[in-house]
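The values are calculated or read from the model by the stated rules, or taken from the named source; none is laboratory data. Since we're looking at a predicted model, the values are computed, not measured. Backbone-built Cβ (ideal geometry, glycine too); neighbour counts: all protein chains shown.
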């Protein structure tokens, strides 16, 4: 199956949001995915803080992400002066035009470092497109659909990884990836995933 990803060889640094970290953990193959990708991958410390909050809901993503950091698949960074300025502009204002700390920090560091913001929230993507039109963005599915990841995992493991992220983390899938995901995991599994239920229905 032909891989599907917007990421190119020109990309160097990926800045992952909280939901992306959770999605990758849910795949069961986070280390293999990160090892296969030809990029540096970071999260901002605000994202790790949000993962820590998940402990209150019985989630272990903070520990799983810390293990990826310890294995050097991932690095935790802090915002610099420019990033802090961008961050402030994204968290101060009306609710319709502001983001939570993790999303704001992810966009801010991507702007500051000329990296790719890997983020799955529509509101954050909308705000980024308006305020920072030159900023490159990607989604979790762009990571999982990268050719290097597809080759490293192989189709059966990749299908399992995508299905687990969809089922257990409710990973968001945008229209460009829906058909690819359904073909990869099959209609029966796709019907169990809220993000793909509409895509899994046969055409009338």
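Yes or no, residue by residue, for (1) crowded, with 18+ Cβ neighbours inside 10 Å; (2) closer than 12 Å to residue 15 by Cα:
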position	(1), (2)
112	yes, yes
115	yes, yes
122	no, no
146	yes, no
152	no, no
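Answer yes or no: is there a residue in the range 41-51 that is surrounded by fewer than 19 Cβ atoms within 10 Å (Cβ to Cβ) and more than 20 Å from residue 121 (Cβ to Cβ).
No: zero hits.
Out of 124, 165, report the one residue that is part of a helix (DSSP H, G or I) and assigned by TED's automatic domain parsing to the domain that holds residue 32.
Every option except 124 fails the conditions.
Can you pull out every residue in the range 99-144 that is within 20 Å of residue 37 (Cα to Cα) and out of contact with any strand residue (DSSP E or B) (no Cβ under 8 Å at 6 or more places or on another chain)?
Answer for the range 99-144, where residues must be within 20 Å of residue 37 (Cα to Cα) and out of contact with any strand residue (DSSP E or B) (no Cβ under 8 Å at 6 or more places or on another chain): 120, 141, 144.
Among the residues of the range 128-137, is any buried (at least 22 other Cβ atoms within 10 Å of the Cβ), in contact with a helix residue (DSSP H, G or I) (Cβ under 9 Å, 6 or more places away or on another chain) and part of a loop (DSSP other than H, G, I, E, B)?
no
Residue pairs, Cβ under 7 Å, 6 or more apart or interchain, first in the range 67-80 and surrounded by 15 or more Cβ atoms within 10 Å (Cβ to Cβ), second in a loop (DSSP other than H, G, I, E, B). List them.
68/74
Could you tell me whether residue 89 is out of contact with any helix residue (DSSP H, G or I) (no Cβ under 6 Å at 6 or more places or on another chain) and farther than 19 Å from residue 143 by Cα?
Yes.
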